[in-house]
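Working notes, structure below.
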Amino acid sequence: MTDRFDNEAFFAALNAARLSRQKTWKEVAAEAGINASTLTRMGQGAKPDVNGLAALLAWSRLKAEMFIKGAEAIESEPIARITALLRADPKLTSDKAKLMEDIVVSTYNRLKDS
Amino acid sequence: MGFRRGFKAEANRIALRVRQQMDLSPHAPIDPIAVCAHFEIELLQLSDVEPESPFLGDHQDAFSAVTVPRGLATAIVHNDRHHPYRQRSNICHELAHCFLGHECAPPLLENGDRSRDGGMEAEANFLAGVLLITNEAANRIMLDGLYHQAQGIYGVSKPMLDFRLRVSGAQTIHQRRMGSAGRSSLVSS
């Protein structure tokens, strides 16, 4: 059966939620009522079990259906839909913007390998 | 550009919460590198990520910093050729985007132009300043007569220091206080 749950999109959203609440991962685990090691494993690509997923959805107030492929337009490859908050001075030209995109892609791949 | 109602107070609350998380007093200076470490955000120098980048040379003014999220990991790449005070401000700007929960946006539009949201940028600029100098810190600077040392204490540029002293209300409060003191002394003399 095709894996339809977009783990990476879910974790990215979870990460954004915890930073917007100024929380560490340890605090997320404690407040959601799951083991910190579970989060670490999930971060390394392991799928959450249903109870862990439910706990994290409840903590983050995210909706599971947002991460079901096919239910939303989350079909492209991660690198093609790199989402980055890009900050720089407004005087940046298109050429320099392309150079900046290279920085984003390098960093993204670096996070993938780490 | 005006901020949404309550934003400035929210920004100060975030800056205080960050300090509380790090066992710092409300008026303490912060180390943006330590804040990244505390919140498990990887901080990368541009010279490490792209050693040949033109942003490290003649075009260094064109790139300050960028946040790249990937699953549970988040990295901030910043231009390590900028002045140390500007580096602190750049990193705080990126932290501000994270702490404000700004939605990620593709870095480029389909036509190759940069994608920018003026509202989010303005919010992040404001919070970056508050992260560096909280309202409490601004009041302390004025109350303790630390204006001439404040740049060094808080690691900020003079324009940033002046901006924070003005918009935090610290300058006005101080002027009123001095005015009352002046009036009191006139009355008593």
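Phi-derived couplings, Karplus 6.51 cos²θ - 1.76 cosθ + 1.60 at θ = phi - 60°, listed residue by residue for the stretch B:172-178: 4, 4, 5, 4, 4, 4, 5 Hz, with x used for Gly and Pro.
Close amide H partners of residue B:70, meaning residues 5 or more places away or on another chain with modelled amide H under 5 Å apart, are B:75.
Across the stretch B:31-93, Cα pairs under 8 Å and at least six residues apart give a relative contact order of 35 percent. For the stretch B:1-95, the set of GluC sites (Glu not before Pro) satisfying both a DSSP loop assignment and a count of at most 14 other C-beta atoms within 10 Å is given as B:52. With Rh defined as the Kirkwood radius, the inverse of the mean 1/r over Cα pairs, the Rg/Rh of the stretch B:11-168 is 0.97.
When accessible surface is computed with a 1.4 Å probe, chains A and B are found to bury approximately 4400 Å² between them, both chains counted. What residue among B:171, B:21, B:151 shows peak mean-square fluctuation when chain B is described by a Gaussian network model with Cα springs under 10 Å? Looking only at B:171, B:21, B:151, the largest GNM fluctuation is found for B:21. With 10 Å bins beginning at zero, the pair-distance distribution over Cα atoms of the stretch B:52-99 amounts to 27, 51, 21, 2 %.
The values are calculated or read from the model by the stated rules, or taken from the named source; none is laboratory data. Here the structure is a predicted model, which means the values were calculated and not measured. Note that we place each Cβ from the backbone using ideal geometry, even for glycine, and neighbour counts take in every protein chain shown. The protein model used for the area step is the full one, side chains on, heavy atoms only, and it has no ligands, DNA or RNA in it. Shrake-Rupley method; radii C 1.70, N 1.55, O 1.52, S 1.80 Å.
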